[in-house]
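Only the coordinates and a few stated rules stand behind these numbers; no lab work does. Because the structure is predicted, anything quoted here is derived from the model rather than measured. Neighbour counts run over all protein chains shown; Cβ positions are idealised from the backbone, glycine included.
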Amino acid sequence: MKILAMFSSPRGTHSNSTFLLETILKEAEKNGHTVNRLDLVPLDIKPCTGCRVCWSNEEKACIIDDDYHIVAEAIQDADYIFMATPLYYWWVSATLKLVLDRSYPPPFEKFAGKTMHMVITGEEPPENQCFVGIKDGFTAMCKYLGTEFKYFYTVADPFEKPAQNNEKAIEEAKAIGAAL
Ligand SMILES: Cc1cc2nc3c(=O)[nH]c(=O)nc-3n(C[C@H](O)[C@H](O)[C@H](O)COP(=O)(O)O)c2cc1C
């Protein structure tokens, strides 16, 4: 299976979400899956301007000439797409949102038939409702897109309790990768 792994935390090598997705990927690679890793943060991805040219041109391509086209090709080439994101203001990182907005044009085929697996870290426990926006929003969105949606949410405080010290989360991440 061809896996695309997109990372979107600005915290680089210290990132909780990056660490957990890497833990998953290492197990997936042991099972023979190929992984294309894409750090979205250094890419030049401009915001969607809502011009809607992509709605009417035949290739459904975006006319903005920037690094989004690298991402679009990688999405097209993948069977299974991981997205690692810190929980930012009840939602995904701004960097990941840029990619999602640029992937919008109908018939929304970019993610159809694929699995979208979100790896999220936030500081609030799930019962505080911080993560409900992503969970419910992406569940509804993926149903509409014809995309299977999976998620892995972990509480991780970069200073008090980083994911790198969370044995339970590491075991859960390994199990996700090993099951692929
Ligand atoms: C701008 C900003 C917004 C945040 N918003 C939330 C939030 O809404 N809910 C939450 O639980 N944590 C929030 N956090 C905490 C991060 O989600 C948390 O530290 C996460 O583990 C960071 O992941 P990373 O190390 O992969 O960047 C926020 C942090 C920042 C810097």
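General observations
- Comparing segment 2-178 with the 2.2 N^0.38 Å rule of thumb, its C-alpha radius of gyration ratio is 1.02 (two decimals).
- Those GluC sites (Glu not before Pro) in segment 88-180 that DSSP places in a loop and that have at most 11 other beta carbons within 10 Å: Glu160
- Shape index of segment 19-79: Rg/Rh, with Rg the Cα radius of gyration and Rh the Kirkwood radius from the inverse mean 1/r over Cα pairs, equals 1.09.
- Modelled this way, with points 7 Å down the Cα-to-C-beta line, the labels at Val53 and Asp79 are 3.5 nm from one another.
- Computed FRET value (nearest 0.05) for Lys30 with Ala61, which takes r as the C-beta separation and R₀ as 30 Å: 0.25
- Neighbour-count ranking [beta-carbon atoms within 10 angstrom, fewest first] of Val53, Val41, Val99: Val53, Val41, Val99
- Stretched out straight at 0.36 nm per residue, the stretch from Asn165 to His14 would grow longer than its current Cα-Cα span by 53.2 nm.
- Across Lys135/Lys174; Lys30/Lys114; Lys110/Lys161; Lys46/Lys174, pairs whose alpha-carbon gap is larger than 28 Å: Lys110/Lys161; Lys46/Lys174
- The equivalent ellipsoid that matches the C-alpha gyration tensor of segment 129-180 spans semi-axes of 25, 16, 6 angstrom, in descending order.
- Applying the criteria of a DSSP loop state and at most 10 other Cβ atoms within 10 Å to the GluC sites (Glu not before Pro) of segment 22-58 yields Glu58.
- Reciprocal of mean inverse Cα separation for segment 90-180 (Kirkwood radius, Å): 14.6
- Dividing the helix sum by the residues of the chain, where each DSSP H run of 4 or more adds -39500 (n - 2.57), gives a mean residue ellipticity at 222 nm of -10500 deg cm²/dmol.
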